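The values are calculated or read from the model by the stated rules, or taken from the named source; none is laboratory data. Keep in mind that this is a model prediction, so the values were computed, not measured. So basically every Cβ, Gly included, is an ideal-geometry build from the backbone, and we count neighbours across all protein chains shown. Each accessible area value is taken on the protein alone, full model and side chains, heavy atoms only, with ligands, DNA and RNA left out. Shrake-Rupley method; radii C 1.70, N 1.55, O 1.52, S 1.80 Å.
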Amino acid sequence: MFLHALATAVPAQRFLQPQCWDIVERSPARLRLNKRSRLILHSLLRGDHGVDQRHFAVPEIDRIFDLSPDELNRAFREAAPQLAESALLPALEQAGVRPGQLDALLVCTCTGYLCPGVSSYVAEHLGLRPNAYLQDLVGLGCGAAIPTLRSAQNFLAAQPGATVACIAVEVCSAAFYLDDDPGVLISACLFSDGAAATVWRSEPGPSQLRATGFDTLHLPMERDKLRFEMQNGKLRNLLDRTVPELASGAVKTLWDRRGDRAVSRVVSHSGGVDVLDAIGAALPGYSLESSRTVLRDFGNMSSPSVLFALEESLRSAQPGPDGDFWLVSFGAGFSAHSCRIARD
């Protein structure tokens with residue numbers, strides 16, 4: 001399937017990491033933390049750990065750790081569709097497509113739960129046809145963008161003349177939690193909000209870029225190393241210290257079965273500095289520069305991150321005769337996913 005547009009969006013609220021520390025300092029929630037936890041937060045937010053700034057959609061960010069489950073869910077319901085539309089509208093404009101011309105809309109998210117899903121709200125707000133196919137993918141975590149593209153490929157295989165849009169949208173600020181667990185503390189210092197939208201057709205677009213070579217790996221025995229759980233009615237991220245090693249091993253498995261076509265650039269989900277360092281060590285010769293730039297400028301936005309990194313990569317280089325771009329994402333499950341962006 002061929003890429004006709006790619007656009008990204010972040011909330012207007014932008015916070016430097018030291019400003020995030022100021023929020024923690026003002027929050028009554030910090031009084032629930034032990035001294036070691038406060039030192040960890042201070043080190044992560046005041047030091048250089050690969051993230052300079054983050055964007056948050058939840059309006060009452062100063063109260064983020066004290067909002068009730070109902071307030072967090074309400075914030076997700078309001079912010080996620082708006083953020084999704086902020087990415088989709090410029091993507092549609094790039095592709096020369098009106099919302100009513102979309103045959104399918106696929107949305108992935110993991111930082112909130114709506115039934116019907118985010119796709120229903122976007123379809124209503126933008127005026128999609130009543131017979132447009134809507135699909136919401138939940139529960140795939142940070143790795144979800146690539147499986148969503150694979151679902152779009154399957155739809156286009158069944159309906160070759162269709163136009164399909166995919167959105168990866170996360171409001172991680174609606175899933176912030178704070179306690180003395182190191183993984184929870186790291187999550188609070190790393191994650192942020194964003195959305196990425198793509199438009200696909202069976203025939204080539206102006207860029208001639210296509211997605212191909214999809215692959216996946218799931219390791220359910222490692223599920224508890226990285227997943228959400230519900231605690232006190234809120235989403236709480238479980239993040240084990242072995243995640244960098246687990247991610248790099250999964251990525252290396254997918255890399256080893258990528259096939260014979262040359263790869264000029266690896267575009268990875270921006271999981272975190274330790275994760276990117278581990279992946280870089282597993283794939284020597286590839287800098288992961290675009291992924292590091294996205295991490296620095298936006299933090300870890302979960303599922304949209306790999307598409308932000310693709311957008312960043314396409315600003316400076318293009319797939320071509322010297323090789324394809326190889327995209328890889330990973331997250332809850334534990335799972336990892338890959339595909340190629342090629343120009344033949």
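Couple of notes before you dig in:
- Over all projection directions, the Cα-based convex hull of the range 79-161 averages an area of 5.5 nm².
- Å² of accessible area per residue within the chain, as computed with a 1.4 Å probe and no ligands counted: 41
- Peptides 38-44, 56-62, 170-176, ordered by how many other C-beta atoms sit within 10 Å of their residues on average, highest first, read 170-176, 56-62, 38-44.
- Over the range 102-231, the ratio between the Cα radius of gyration and 2.2 N^0.38 Å evaluates to 1.20.
- Applying the Kirkwood pairwise sum to the alpha-carbon positions of the chain produces a hydrodynamic radius of 20.0 angstrom.
- Simple spin-label estimate for Gln159 and Arg38 in nanometres, 7 Å along Cα-Cβ: 5.7
- Here the Debye sum runs over all C-alpha atoms of the range 221-344 as equal scatterers in vacuum, and log10 of I(q)/I(0) at q = 0.12 Å⁻¹ comes out as -0.44.
- Every Cα-Cα pair in the range 113-179 was counted, and those over 16 Å apart are 56% of them.
- Normalised by the number of residues in the chain, the mean separation of alpha-carbon contacts (under 8 Å, six or more apart) gives a relative contact order of 24 percent.
- Considering every alpha-carbon pair of the range 186-240, the percent of pairs per 5 Å bin, from zero through the bin containing the longest distance, is 4, 11, 13, 15, 14, 14, 11, 10, 6, 1.
- Peptides 158-169, 92-103, 26-37, ordered by how many other C-beta atoms sit within 10 Å of their residues on average, highest first, read 158-169, 92-103, 26-37.
- Förster-model FRET efficiency, 41 Å R0, Arg129 and Asp256, C-beta, rounded to 0.05: 0.40
- Chain lengthening between Asp48 and Glu25 when straightened (0.36 nm per residue, less Cα-Cα): 6.4 nm
- Distance between the range 26-49 and the range 55-127 - C-alpha centres, whole angstrom: 30
- DSSP beta bridge pairing in the range 219-344, given as percent antiparallel to the nearest 5: 75
- Rg and Dmax of the range 1-48, based on Cα coordinates, read 17.1, 53 Å.
- Counting only Cα atoms, the size of the range 291-338 along its three principal axes is 35, 24, 13 Å, in decreasing order.
- Put simply, the Cα atoms of the range 164-292 extend 49, 33, 28 Å along their principal axes, the longest span coming first.
- Total formal charge among the other residues, if their Cβ is under 15 angstrom from that of Val51, Lys/Arg +1 and Asp/Glu -1: -1
- The range 33-188: mean projected area of Cα convex hull, nm²: 10.6
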